[in-house]
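Take a look at the structure set out below.
Computed from the coordinates by the stated procedures, all read-outs in this text should not be read as laboratory data. No experiment lies behind these values; they were computed from the predicted model shown. Neighbour counts are summed over all protein chains in view; Cβ atoms, including those assigned to glycine, are modelled from backbone coordinates with ideal geometry.
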Amino acid sequence: MKISWIFWWIISAIEVLSFIGFSILLWMRDIDASGTIQTTQLKWANIAVLGFAFLFPFAIQVAWLITNLVLSKNKLNQS
């Protein structure tokens, strides 16, 4: 069970760091690939789209967390 927690923390850290990294990249660019000048509103919209893309992995992480908590609680009750 301990290995599942270690993997959960590693994957969670990778997910958060990648979201932060991609958000910084989106915020720092002045012109996108199509040549459009990035205003503050467009930057926020791009980060919102990125956030929606990260909702599915976040939901998987929450389900994995709940599974780990239930299994840990069951293991403690059996001891």
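Here is a yes/no grid of residues against (1) out of contact with any Ser or Thr (no Cβ under 7 Å at 6 or more places or on another chain); (2) farther than 30 Å from TRP8 by Cβ; (3) in contact (Cβ under 8 Å) with a residue 40 or more places away in the chain; (4) not aromatic (Phe, Trp, Tyr):
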residue: ALA33; (1), (2), (3), (4): yes, yes, no, yes
residue: ILE37; (1), (2), (3), (4): yes, yes, no, yes
residue: LEU50; (1), (2), (3), (4): no, no, no, yes
residue: PRO57; (1), (2), (3), (4): yes, no, yes, yes
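Would you confirm whether any residue within the stretch 49-72 is surrounded by 11 or more Cβ atoms within 10 Å (Cβ to Cβ) and part of a loop (DSSP other than H, G, I, E, B)? Scanning the stretch 49-72, I find at least one residue that is surrounded by 11 or more Cβ atoms within 10 Å (Cβ to Cβ) and part of a loop (DSSP other than H, G, I, E, B), so the answer is yes. Can you find, within the stretch 39-48, the residue that is nearest to GLU15 (Cα to Cα) among those that are of a type outside the set (Gly, Ala, Ser) and part of a helix (DSSP H, G or I)? Among them, the one singled out is ILE47. Within the stretch 1-46, the set of residues being more than 22 Å from the chain's Cα centre (by Cα), among the charged types (D, E, K, R) and surrounded by 11 or more Cβ atoms within 10 Å (Cβ to Cβ) comprises just one member, ASP32.
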